[in-house]
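To keep things clear, I will list the structure first and then write my remarks on it.
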Amino acid sequence: MVHYIFISEDGGASMEWPFSDWSYAPRLWQEAIDKIYANKLIEHPTAQALLSVVHETKISKVWLKRSVEARISDARKEVGDTPEKIEDLERYAEDTVSTLLYMTLQAGGIRSTAADHAASHIGKASGLLLLIKSLPYHGSRNRHFSYIPTEVAAKHGLLVKHGGQSEIHLDSREGLCEAVFEMASVANVHLQKARDLAGTVPVEAFPVLLPAVPAQVLLDSLRRVNFDVFDPRLARGILGIPPLWYQLKLKWHSWRAKY
């Protein structure tokens, strides 16, 4: 449920509220969350479902609002408003992905510091890898690859200055692949740290931590194409592998109580 809320409204569909503008939708959700925790009636069906979940499981308002506010901040960024360091992307991934895992653990009644730490690392890895995968999309929308930190872009020859402003250009495909490799390496470290905690994580938390599997799938797919985000093989199937193989990976990890 918590995951669905933020995925289902990321488009042009509307019910009671207009959601065609993503920068507008989170603001409405911000207001809705306040009403939910004040036990006030809301006419939107997804918000009503969330109200039921909140009352049954007592999920944290702080985490829910943190995720929404991070999306609002991101939606308000100007074209070319690029993060400076990878740590900025890690913070965004923590606020938008890790928080959803925290809430899922909480909704399942799982209270474990180790599980929370693993969720933090998996959320950061997943968020970083999804931002990497989205680079061609944002580039096609003239976002100047704003999710490559300027520090990383400058190191690999992708940062060009025009009239006192810096823009990220793709004159060097080799430089782009090197930048993606550097970002993906940080995600890989987070996945390894999450798995190092597996021995201390309660078994009931493992299904919640399964997002580590698609993160690893995407990381492996990036390796196969030498971290070239424009390689068409990344767009095939699910995260670059056949759908059946993807499902089998999830089933195998679930059956073996691994993530």
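Do the conditions hold for L218, that is, is it out of contact with any Lys or Arg (no Cβ under 7 Å at 6 or more places or on another chain) and either exposed (fewer than 15 other Cβ atoms within 10 Å of the Cβ) or within 23 Å of A118 (Cα to Cα) (or both)? First the steps, then the outcome.
Values: out of contact with any Lys or Arg (no Cβ under 7 Å at 6 or more places or on another chain): no; either exposed (fewer than 15 other Cβ atoms within 10 Å of the Cβ) or within 23 Å of A118 (Cα to Cα) (or both): yes.
No.
Being among the hydroxyl-bearing types (S, T, Y), farther than 30 Å from A153 by Cβ and in contact with a helix residue (DSSP H, G or I) (Cβ under 6 Å, 6 or more places away or on another chain) is true for just one of T113, T99, T104. Which residue is that?
One residue alone meets the criteria, T104.
Could you count how many residues in segment 35-52 are among the charged types (D, E, K, R) and part of a helix (DSSP H, G or I)?
Result for segment 35-52: 1.
How many residues does segment 221-259 hold that are among the polar types (S, T, N, Q) and surrounded by 14 or more Cβ atoms within 10 Å (Cβ to Cβ)?
In the first step, residues of segment 221-259 are kept if they are among the polar types (S, T, N, Q); the result is 221, 226, 247, 254.
So of that shortlist, the ones also surrounded by 14 or more Cβ atoms within 10 Å (Cβ to Cβ) come out as 221, 254.
Residues that pass the stated criteria total 2.
State the number of residues belonging to segment 163-210 that are at positive phi and buried (at least 21 other Cβ atoms within 10 Å of the Cβ).
Number of matching residues: 0.
Which one of these does I7 not meet: (1) surrounded by 14 or more Cβ atoms within 10 Å (Cβ to Cβ); (2) of a type in the set (A, V, I, L, M, F, W, C); (3) modelled with pLDDT under 90; (4) closer than 27 Å to L191 by Cβ?
(1)
Quick one: which helices (runs of 4 or more DSSP H) sit completely within segment 53-127 and have at least 2 residues that are among the small types (G, A, S), under 16 Å from the mean Cα position of the chain (by Cα) and crowded, with 16+ Cβ neighbours inside 10 Å?
Passing ranges, in order: 61-75.
If you check G175, G157, which single one turns out to be within 25 Å of Y92 (Cβ to Cβ), assigned to a loop (DSSP other than H, G, I, E, B) and over 22 Å from the mean Cα position of the chain (by Cα)? Explain how you work it out, then say what you get.
Working: G175 fails: assigned to a loop (DSSP other than H, G, I, E, B).
G157 is the lone residue from the list that is within 25 Å of Y92 (Cβ to Cβ), assigned to a loop (DSSP other than H, G, I, E, B) and over 22 Å from the mean Cα position of the chain (by Cα).
I need every pair where a residue in segment 243-259 that is without any contact (Cβ under 8 Å) to a residue 60 or more places away in the chain has its Cβ under 6 Å from the Cβ of a residue that is among the small types (G, A, S), sequence separation at least 6 or different chains.
Hits for this filter: P243/G237.
The values are calculated or read from the model by the stated rules, or taken from the named source; none is laboratory data. What you see is a predicted model; the values in this text were computed from it and never measured. All Cβ positions, glycine included, derive from the backbone under ideal geometry; neighbour counts span all protein chains shown.
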